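Have a look at the structure below before the remarks.
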Amino acid sequence: MNGKRCLVIGSGILGASIAWHLQKNGAQVTVLEERVRGGVATPKSWAWINASWGNPEPYFRLRERSMLEWRKIDREVPGLTVNWCGGLIWDLPPDALEAYAVQQSSWGYGVRRVTAAEAQRVEPNLKQAPDFALHVAEEGMIEPVATTEVMLAGAEALGAKVITGLRARWLLEEKGQVAGVTTDEGVLHADEVIIAAGSETPELLASIGITLKLDAPAGLLAHSKPAGELLRGLVMTPGLHVRQTAEGRLVAGTDFAGAEPTDHPDELAQDLMGKLRDLIQGTEHLEVDFHTIGHRPTPADGFPAIGRPRQTPGLYVAVSHSGVTLAPAVGLFTAQEILDGQRDPLLVPYHPDRPALQ
């Protein structure tokens with residue numbers, strides 16, 4: 001047993017995974033969350049697990065590894081369920097879609113070219129199947145709030161503690177290393193502080209003079225009222241990405257991160273629902289129940305920031321827009337680096353000190 005006291009700032013999907021992996025491997029973990037369990041960005045995620053979409057090969061390999069870790073953690077965390085439903089994709093022109101298939105196939109990704117008839121078999125309720133699409137059977141999705149809660153509960157069952165409604169205001173330094181955080185109720189001491197606080201990460205780092213450039217673009221998702229089974233998996237078309245949740249809601253955006261919000265988000269949500277009705281049989285009378293606007297914490301160059309900023313003892317950062325896909329690998333690799341001093345080679349390009357983030 002390592003016994004290292006670890007304080008995880010943020011209880012979204014990344015923080016929950018980090019907490020579970022640390023606690024499982026012998027650390028004494030406390031999770032600190034300013035708001036409610038599950039964080040801010042995670043509940044508003046489209047929640048697609050994939051390794052695709054124009055990523056350079058090093059990032060593809062990291063995401064591919066995390067898909068494997070999702071399959072492992074799916075068996076290890078009591079109550080966790082990943083829906084390995086597959087994804088049907090045709091949101092690029094045919095020539096670009098073919099080039100994408102060639103590249104992904106050469107990397108070993110399970111891309112299968114499908115005809116209109118095959119696409120219709122994959123998703124029988126499509127009103128008009130595309131002449132050419134791609135299907136990736138190994139992709140999946142989660143229910144982000146439920147999954148995060150299960151992972152937090154799993155960490156608690158192993159002995160972790162989750163504190164909500166308390167804000168980490170600034171980092172505490174003692175004898176040349178980070179030794180905890182200051183809150184409205186005093187100081188919480190720790191041997192390691194892991195910042196998994198999404199868009200609030202730069203402010204916490206700035207409290208000890210560290211810069212990390214981060215964007216937080218917004219995305220709107222329209223959520224329908226619950227319906228019977230209309231989709232089997234994820235569907236990505238030009239101008240509309242949609243999936244169906246476990247409770248039957250269709251969740252739609254213009255891409256997996258959601259539509260670009262406007263001054264009239266209700267109208268945008270209705271527009272997305274109109275596109276959905278044009279796409280899927282059985283939705284003619286389906287209505288919008290609500291919409292969400294999520295801010296996606298994204299390091300300035302678009303890739304994750306994971307590691308020790310300025311090699312600061314006692315401090316670790318994990319922030320990425322691809323929180324859902326990357327959560328299990330980031331949790332595993334963070335625990336390995338903090339507890340064993342071993343940094344996984346897949347993280348080499350994603351150190352928070354790289355020039356693009358300074």
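The sole residue among Arg243, Arg249 that is surrounded by 22 or more Cβ atoms within 10 Å (Cβ to Cβ), within 20 Å of the chain's Cα centre (by Cα) and not acidic (Asp, Glu) is Arg243.
Scanning the stretch 215-226 for residues that are open to solvent by 40 Å² or more (accessible area, probe 1.4 Å) and under 18 Å from the mean Cα position of the chain (by Cα) yields Asp215, Ala216, Pro217. If you go through the stretch 176-200, how many residues are under 13 Å from Glu34 (Cα atoms), open to solvent by less than 60 Å² (accessible area, probe 1.4 Å) and in a loop (DSSP other than H, G, I, E, B)? Count: 2.
Residues being closer than 29 Å to Asp91 by Cβ, touching a helix residue (DSSP H, G or I) at 6+ places or on another chain (Cβ under 8 Å) and either not small (Gly, Ala, Ser) or not in a loop (DSSP other than H, G, I, E, B) (or both) are entirely absent from the stretch 331-340.
Within the stretch 278-289, which residues are over 18 Å from Leu220 (Cβ atoms) and open to solvent by 40 Å² or more (accessible area, probe 1.4 Å)? Answer for the stretch 278-289, where residues must be over 18 Å from Leu220 (Cβ atoms) and open to solvent by 40 Å² or more (accessible area, probe 1.4 Å): Asp278, Gln281, Gly282, Glu284, His285. Where residues in the stretch 343-358 are part of a helix (DSSP H, G or I) and touching a Leu at 6+ places or on another chain (Cβ under 7 Å), which of them is most open to solvent (accessible area, probe 1.4 Å)? Only one residue tops the list, namely Leu346. Residue pairs whose Cβ atoms lie under 7 Å apart, sitting 6 or more positions apart in sequence or on different chains, and linking a residue in the stretch 47-59 that is at positive phi to a partner that is not in a loop (DSSP other than H, G, I, E, B), are Ala47/Met141; Ala47/Pro144; Ala47/Val324. When the residues of the stretch 107-152 are filtered to those that are outside any helix (DSSP H, G or I) and among the β-branched types (Val, Ile, Thr), which remaining residue is surrounded by the most Cβ atoms within 10 Å (Cβ to Cβ)? Of everything passing the filter in the stretch 107-152, Ile142 is surrounded by the most Cβ atoms within 10 Å (Cβ to Cβ).
Tell me the residue from Glu267, Glu229, Glu173, Glu203 that is open to solvent by 40 Å² or more (accessible area, probe 1.4 Å) and either of a type in the set (Gly, Ala, Ser) or part of a loop (DSSP other than H, G, I, E, B) (or both), please. From the options Glu267, Glu229, Glu173, Glu203, the qualifying one is Glu229.
The values are calculated or read from the model by the stated rules, or taken from the named source; none is laboratory data. This structure is a prediction, so every number in the text was calculated from the model and none was measured. We place every Cβ from the backbone using ideal geometry, glycine too, and count neighbours over all the protein chains shown. Note: accessible area is taken over every heavy atom of the protein model, side chains too, but ligands, DNA and RNA are not part of it. Shrake-Rupley method; radii C 1.70, N 1.55, O 1.52, S 1.80 Å.
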